[in-house]
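Some notes on the structure that comes next.
Derivation of every value follows stated rules applied to the coordinates shown; laboratory data play no part. Keep in mind that what you see is a predicted model, and the values were worked out from it rather than measured. Because the Cβ atoms are built from the backbone with ideal geometry, glycine has one as well, and the counts that use them run over all protein chains shown.
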Amino acid sequence: MFEGPVQDLIDAFRKLPGIGTKSAQRIAFHILKSELEDAEKLADAITDAKKKVAICDTCFNVAEGASCLYCRDPRRDTSLICVVEEPPDIIAVERTNEFRGRYHVLGGHLSPMDGIGPDQLRIRELIARVGSDEVSEVILCTNPTVEGEVTATYISGLLKPLAVKVTRIASGLPVGGDLEYADEITLGRALEQRREV
Ligand SMILES: [Zn+2]
């Protein structure tokens, strides 16, 4: 619809999650109207993040080095592990102020239709962590969606033989929604009322 670089920019934004054609056009033209310096800052922020941001060796959250800020923090309770699907879910849990343990990021949920089985997620790493660390409880905090529930059930089956307490956040969260969109009071209550599975 537009010539060369303009269309390339629109196409690049359209590939982002939640951005349709109209939004992509709006962002692209906003950038074209802005100062070159601002556009360069944005481009630098993207390449900088790609170059500097690593994955935590322990929990697979995003990190600036080998360990993320939660794994580095000595005040956090190492006996509690909260299992989430993606890094933004950690922010949702942190906002509740109900959890002072550590995290484990699966990298998604089980979805056989999309070719995502247990080997595509960080499940093996979780089992290894629970087996070697002094973990007393694993809280399954996957999304309240069908896939999230299936993933939680699958993991709890694997953890059972390890003699660790396994809990699931209480229902009451909007079903089908993502954790990251839940308000902190509702999610805080779901955490507090977690039940053993
Ligand atoms: Zn970490």
Whether the stretch 7-67 is rounded, prolate or oblate, judged on the alpha carbon gyration tensor where a/c under 1.5 counts as rounded: oblate
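If packing is taken as the average number of other Cβ atoms within 10 Å across a peptide's residues, how do 186-196, 6-16 rank, most packed first? All intermediate terms of the calculation are to be shown ahead of the outcome.
Values: 186-196: 15.6, 6-16: 13.9.
Ranking, from highest mean packing down: 186-196, 6-16.
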Other-chain or far-sequence residues with amide H under 5 Å of Cys59's (modelled H): Cys68
Packing rank of 82-94, 128-140, where each peptide gets the mean count of other beta carbons within 10 Å, highest leading: 82-94, 128-140
Those trypsin sites (Lys or Arg not before Pro) in the stretch 24-111 that DSSP places in a loop and that have at most 13 other beta carbons within 10 Å: Arg75, Arg100
In the chain, lysine pairs with alpha-carbon atoms under 24 angstrom apart (chain gap of 8 or more, or interchain): 11
